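Below: the structure, in structure tokens.
The values are calculated or read from the model by the stated rules, or taken from the named source; none is laboratory data. For clarity, every value in this text was computed on a predicted model and none was experimentally measured. Glycine gets a Cβ as well: all are built from the backbone with ideal geometry, and neighbour counts include every protein chain shown.
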Amino acid sequence: MESKELICVNCPMGCRVKVTMEGQNILEITGNQCPRGKAYAEQESICPMRILTTTVTVNHGVHRVLPVITSAEIPLEKMEEAMKAIREVTVDAPVKVNDVIVKDLIGTGVDVIASRSMNRA
Amino acid sequence: MYDIVIIGAGITGTMLARDLSRYRLHVALIDKENDIADGATMANSAIVHVGYDPEDDTLKALLNVEGARMYEKICEDLGCHRKVTGAYVAACGEVEEKHLDILADRAERRGITYEWLSGDEARKEEENLSEQVTKVLSFPTTAVIYPWEVAIACAEVAVTNGVEIYLNTCCERITKEEDHFVIHTNNGDYETRYVINASGVGAEKVYRMVCDTPEFKITPRRGEYFVLDHQVHYVNHIIFPVPSAEKGKGVLAVPTVFGNTLLGPNSDYVDDPEDTGTSFEGLDYVRANLTKTMKNVPYRYVIRNFAGLRPSSSCPDFIIEEAKTVPGFINAASIESPGLASAPAVSQYIIQNILKKHLELTEKENVCLTREKPLAMADLTPEEKAEAIRKNPLYGKIICRCEQISEGEILDCIHRPCGAHTVKGVKKRVRPGMGRCQGGFCEPRVLNILARELNISPTEVVLDAKNAKILESENR
Amino acid sequence: MKKYQAVIIGGGSAGLSAAVTLKNQGIENILVIEKDGEPGGILQQCIHNGFGLQTFKEQLSGPSYAERYIEQAEDLHVDILCNTMVIKLNPDKTIEYVNAEEGYVTILADAVILAVGCYERSRGAVEIPGERPAGIYTAGQAQRYLNIDGYMVGKKVFILGSGDIGLIMARRMTLEGAKVYGVAELMPYSNGLPRNIKQCLEDFDIPLYLSHTVTKIFGHDRLERIEVSQVDEHLKPVPGSQMYFDVDTLLLSVGLIPENHLADEAGILMNPRTKGPIVDDNYMTSVPGIFACGNGLHVHDLVDFVSMEAARSAAGAVRYLNNTLKEDHKYEVFAGDGVNYVVPGLVSASCDHNVEFFFRVRQNFEQAEIVMKSGDKVLRKLKKRKLMPSVMEQMVLTTKMIQELEGDITITVTEVSDGK
């Protein structure tokens, strides 16, 4: 049995949430002041998930690169692998916001989408 | 074979290059840095001292008074900024007041305009003058300039008239042949009949290449400064404390040509001739010593601090002469303050008193010693601005929001002779990045313009020195 | 001379929100002046997520957030003049601007809204000793190079200041293959949002050195090395505490300053704490008809509040344009103990709408009591946990309270925990 303390990031309260675990099983969560804190601590203890934002090369755009974002959170531990895959991608302008740039990023089931529209230069 | 190679493209070297460019001579100007005026000329108080300070019977006294009087015409001829602010030498108490008498006496004998003010009279003109100031000796003809602007303009004129300029060319060794010298550099050998050593902080080192027992020793002396944003108007005149033998001209408050204020310098001997770093101690010294003459210093408006090296010499006077043991090797050394004010006269002195003895100086035809003032949007009336933009729309595209510098001005300074090829070079010539954001906004834009105009990758654009890359790599 | 009902200076998050609000409230003849090539302002380079939770109930990236407003503005046919720099704003509400197409132009506005944003404090303003090589950038500068232009400024990075842009850049550069050696913060607490400390530093094992600062820069051409020292309670470096990092890049995230020179030149009164104009409950400055909002007024923590505030300043401008503002006594609003500043700084006695104050505390509070008083009368008192300077706080002054004001207003914050 081990316990660790997390600081909840859902709001500025920054509750110190204590999670007690046995292997992968959560035994107890204390210190949170709202349900969001509990959900956060659960997820964070088992598999931290994050939104990934970066850029891809865009041809003929008004800028050299296009900002992109994952359509949902992906596991934190897969960030490096995800970045590697995104680095290979090139798109052509014009692009519309929310256009899918990478479908099913490295098998996560999550897409990478354009985070803005970009006209041709 | 060159007739003359000038080592050092600071204010002395460039003035001389311009003056020599009128004659039928084969002249080269070399500098180890990546731009004109990157040494002492870049980082100093920017003052054209009128010449009351140097001791009697010195070259300094002679050339300072003469040089200062030449600046008005030079700046006009070269389209350079110059502002006559006047200077106050502020005495605190009787002992210092006595020293002012010495300065006034020199001024009288040298024909320099001066006026006396009581402490209170001076405070009416300068509200931030300290209460401790009891008497002021005013020199109303003292001016400020942009030193590097003058040096760059001189270089431009020189190049236009056929002088060759080689940057990133560091003198490593000089050999004396029968009737000429060979200057060995990282950038090839330069054969020349005469060498002029105008290398500032490096003057002793260069001299040692031809003389084992130089009669002077140069020690870099560092001066650190604060720069205040032009949003605050702090002083009208240059404010000096009473000078002293050990501390030189002391800590000053200087209004610059563009409305900023310089506060400094301290005076600190350093070992490393490249050490232009600032220090807590140095800046603290400036703050502490400024309180003698000034009050209400608005440090919250500080936008930059910098340090410059002055070539402090074991010889109290300028050394401007042909080396006694090395005929043909001419030192323009030991040139610290008032080197900037003296530069035009130093150049003339070298030509008239030294070179004329050796060389036939015949004037070329079709030389042009003047430069048209580069267009500066900030100097124009709204009507003139509108007209300028009609002719070239890029004058309407503002790149630096703090100083309101347009893309047109930046392009002009890149494509002139001796044009800017670095971010700092653009800043020196047309001033984007000189403002309160210090380039936070405009630097990426200036960098992209440089890359486009020089036809290089943005990753090849440098800040200043040729290895000072700003971008590490393309990210995609 | 062209005339407009309202001219908005700045087409970023504040300016777009103000424009949309003006149009929605029936002010048709308006113009937005933007210095960049496209609207959106600094949001275009803030490609990370976390924007819009309040406004759209979604976590958007900066560009997406901007695009929502740009679309609204387009739908409402807002005129946005890009690549145009305002050179001067005059107290008579004439505006002098310059661009490549029209040249140097003077226009007249019945109302002006300053939505000019802010700039980053530079190295000179924080006085870091040492050499001045390439390799030192403000965090926003590096962000622009990376996210708009597509270039990495360096591979071995240290960050001074724990402001949010610095933290965001720590993660961003790490993801792009740089090694971030640490973040030094002069104060004993972080200046960034807790979420960013967690997700930008802890996720990537980047150390945060509180009560530390950079005390020396080494490298003549390009940055080679930095010296970092601990600071004491007077924020002075502690001798012997030096650490050295061989880095090629130093990012500065040491504060943002409202871009106030247009306002200053127009003779608008400034608040020395916020470094932006002093405004009243309508977000009107000391020059009637000139309004201010967004980061040009005071630096915000979340863009949602910028949009919200800009909408309020636009509503104030509408009242002004409709001549419904009454000349009346204005109560001053003071930042009392524990409070760094309060905006708006003035409340008109005849104000007929609720006023929401934005304020920031001076230091961290575990369990704080926030008190809003008018003269000796307590208007509102509430307890709140975890207050920190990096987070903007809000407090509402209701119309009922305004009617009962007995004098100037003060907001104070005191620690009420037992000190554990």
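Data for the structure
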| quantity | calculated |
| --- | --- |
| Strands (runs of 3 or more DSSP E) contained in the stretch B:125-211 and holding at least 1 residues aromatic (F, W, Y) and under 30 Å from B:L262 (Cβ atoms) | B:135-139 |
| Wholly within the stretch C:91-172, strands (runs of 3 or more DSSP E) carrying at least 2 residues that are of a type outside the set (D, E) and either without any contact (Cβ under 8 Å) to a residue 40 or more places away in the chain or on the phi > 0 side of the Ramachandran plot (or both) | C:94-99, C:103-114 |
| Criterion: under 22 Å from the mean Cα position of the chain (by Cα) and assigned by TED's automatic domain parsing to the domain that holds C:L262 - qualifying residue of C:L108, C:L81, C:L160, C:L89 | C:L89 |
| Filtered residue count, the stretch C:235-264, keeping only those that are closer than 21 Å to C:V299 by Cβ, out of contact with any Ser or Thr (no Cβ under 9 Å at 6 or more places or on another chain) and either free of Cβ contacts under 8 Å to residues at least 12 places away in the same chain or outside any loop (DSSP other than H, G, I, E, B) (or both) | 5 |
| Residue among B:I218, B:I196 that alone is more than 14 Å from chain C (Cβ to nearest Cβ) and closer than 22 Å to B:Q348 by Cα | B:I196 |
| The stretch B:259-280: number of residues that are in contact with an Asp or Glu (Cβ under 9 Å, 6 or more places away or on another chain) and aromatic (F, W, Y) | 1 |
| Filter result for B:G93 (surrounded by fewer than 16 Cβ atoms within 10 Å (Cβ to Cβ) and in contact with a helix residue (DSSP H, G or I) (Cβ under 9 Å, 6 or more places away or on another chain)) | no |
| Unmet criterion (only one of (1) of a type outside the set (F, W, Y); (2) touching a strand residue (DSSP E or B) at 6+ places or on another chain (Cβ under 7 Å); (3) under 28 Å from C:E131 (Cα atoms)) for C:H220 | (2) |
| The listed residue being touching a residue at least 24 places away in the same chain (Cβ under 8 Å), aliphatic (A, V, I, L, M), assigned to a strand (DSSP E or B) and within 12 Å of another protein chain (Cβ to nearest Cβ), out of A:I101, A:I69 | A:I69 |
| Residue within the stretch C:148-167 that is within 9 Å of another protein chain (Cβ to nearest Cβ), under 23 Å from C:E259 (Cα atoms) and modelled with pLDDT of 95 or more present | yes |
| 3 or more residues facing another protein chain (nearest Cβ under 10 Å), under 27 Å from C:Y119 (Cα atoms) and within 22 Å of the chain's Cα centre (by Cα): qualifying helices (runs of 4 or more DSSP H) within the stretch B:371-442 | none |
| Count - residues of the stretch A:39-66 that are under 17 Å from the mean Cα position of the chain (by Cα) and within 12 Å of chain C (Cβ to nearest Cβ) | 11 |
| Subset tally (residues that are touching a Leu at 6+ places or on another chain (Cβ under 7 Å) and under 17 Å from B:E125 (Cα atoms)) for the stretch B:231-251 | 4 |
| Hits in the stretch C:24-75 (condition: in contact (Cβ under 8 Å) with a residue 40 or more places away in the chain, of a type in the set (A, V, I, L, M, F, W, C) and within 12 Å of chain A (Cβ to nearest Cβ)) | C:L43, C:C46, C:I47, C:F51, C:L53, C:A66, C:I70 |
| Of residues in the stretch B:323-378 being closer than 30 Å to C:E96 by Cα and small (G, A, S), the one surrounded by the fewest Cβ atoms within 10 Å (Cβ to Cβ) | B:A378 |
| Some residue of the stretch C:255-262 being under 16 Å from C:I128 (Cβ atoms), at pLDDT below 95, touching a Lys or Arg at 6+ places or on another chain (Cβ under 7 Å) and more than 11 Å from every other protein chain (Cβ to nearest Cβ) | yes |
| Residues located in the stretch B:10-39, provided they are among the aliphatic types (A, V, I, L, M) and under 24 Å from B:N366 (Cα atoms) | B:M15, B:L16, B:A17, B:L20, B:L25, B:V27, B:A28, B:L29 |
| Some residue of the stretch A:27-38 being over 20 Å from C:C46 (Cα atoms), within 13 Å of the chain's Cα centre (by Cα) and more than 9 Å from chain C (Cβ to nearest Cβ) | no |
| Any strands (runs of 3 or more DSSP E) falling wholly within the stretch B:230-283 and containing at least 2 residues that are within 14 Å of chain C (Cβ to nearest Cβ) | B:261-264 |
| Residue selected from the stretch B:132-159 under the condition in contact with a helix residue (DSSP H, G or I) (Cβ under 6 Å, 6 or more places away or on another chain) and under 20 Å from B:L290 (Cα atoms), by the criterion surrounded by the fewest Cβ atoms within 10 Å (Cβ to Cβ) | B:T134 |
| From B:R300, B:R304, residue being of a type outside the set (A, V, I, L, M, F, W, C), more than 16 Å from C:P129 (Cα to Cα) and within 11 Å of chain C (Cβ to nearest Cβ) | B:R300 |
| C:Q54 being modelled with pLDDT under 95, touching a helix residue (DSSP H, G or I) at 6+ places or on another chain (Cβ under 8 Å) and more than 18 Å from C:Q199 (Cα to Cα) | yes |
| Test result for A:K84, surrounded by fewer than 16 Cβ atoms within 10 Å (Cβ to Cβ), among the basic types (K, R), under 16 Å from the mean Cα position of the chain (by Cα) and farther than 30 Å from C:I70 by Cα | yes |
| Residue list for the stretch B:446-476, filter: in a helix (DSSP H, G or I) and more than 9 Å from every other protein chain (Cβ to nearest Cβ) | B:V446, B:I449, B:L450, B:A451, B:R452, B:E453, B:L454, B:E460 |
| Index of the failed condition, C:C351 passing every other in (1) in contact with a helix residue (DSSP H, G or I) (Cβ under 8 Å, 6 or more places away or on another chain); (2) not in a loop (DSSP other than H, G, I, E, B) | (2) |
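Residue by residue, here is whether (1) farther than 23 Å from C:L193 by Cα; (2) in contact with a strand residue (DSSP E or B) (Cβ under 9 Å, 6 or more places away or on another chain); (3) surrounded by 17 or more Cβ atoms within 10 Å (Cβ to Cβ) holds:
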site: A:E22; (1), (2), (3): yes, yes, no
site: A:G37; (1), (2), (3): no, yes, yes
site: A:R50; (1), (2), (3): no, yes, yes
site: A:K78; (1), (2), (3): yes, no, yes
site: A:V112; (1), (2), (3): yes, yes, yes
